[in-house]
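Enquirer: Encoded as structure tokens, here's the structure I'll be asking about.
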Amino acid sequence: MDNKKIIKQAKKIMDEFISALEKVPNIKKEFGQERNIFTRKPEKSEYGPEFWDIAVKNAPKVKDRQIQMDKKSW
């Protein structure tokens with residue numbers, strides 16, 4: 001199959017799917033979630049203190065037991 005034929009078939013499938021969805025009653029058109037709590041509470045780790053040493057071996061910069069990252073500028 002060539003690319004044009006595949007693209008044409010994919011568009012046909014998507015169009016048929018959209019048409020079928022329009023016929024289904026009571027579909028919510030809104031997306032997303034509402035949350036009351038936006039952060040997780042810290043939990044006690046099941047790993048020992050040596051885990052941190054192993055985990056940060058490859059980190060380029062570590063200061064005060066925190067991995068230092070560069071902020072991306074756009």
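The values are calculated or read from the model by the stated rules, or taken from the named source; none is laboratory data. Since the structure is predicted, the reported quantities are computational estimates derived from the model, not experimental observations. Positions of Cβ are generated from backbone atoms using ideal geometry, with glycine treated the same way; all protein chains shown enter the neighbour counts. In case anyone asks, the SASA skips ligands and DNA or RNA and just uses the protein heavy atoms, side chains included. Shrake-Rupley method; radii C 1.70, N 1.55, O 1.52, S 1.80 Å.
Enquirer: Tell me the trypsin sites (Lys or Arg not before Pro) within the range 1-32 that lie in a loop according to DSSP and have at most 16 other beta-carbon atoms within 10 Å. Write out the running numbers ahead of the final one.
Expert: Working: sites: Lys4, Lys5, Lys8, Lys11, Lys12, Lys23, Lys28, Lys29; in loops: Lys28, Lys29.
Here the sparse-neighbourhood loop sites are Lys28, Lys29.
Enquirer: Next up: At q = 0.11, 0.18, 0.19, 0.26 Å⁻¹, what is the log10 ratio I(q)/I(0) for the chain, with the Debye formula run over Cα points and no solvent?
Expert: Here log10 of I(q) over I(0) equals -0.76, -0.92, -0.98, -1.16.
Enquirer: Read phi for every residue in the range 32-41 and hand back ³J(HN,Hα) as whole Hz from Karplus 6.51 cos²θ - 1.76 cosθ + 1.60, θ = phi - 60°, with x for Gly and Pro.
Expert: The phi angles translate into x, 9, 10, 10, 8, 10, 9, 10, 8, 7 Hz.
Enquirer: Quick check: the angle from helix 3-23's long axis to the longest principal axis of the chain, C-alpha only, nearest 10 degrees?
Expert: That works out to roughly 90 degrees.
Enquirer: Hey, another quick one. Ignoring ligands, DNA and RNA, what percent of the accessible area of the chain is carbon or sulfur (1.4 Å)?
Expert: Of all accessible area on the chain, carbon and sulfur atoms account for 55 percent.
Enquirer: Additional query: Quick check for you: with a 1.4 Å probe and neighbouring chains kept, what is the accessible area per residue of the chain, in Å²?
Expert: Result: 119 Å² per residue.
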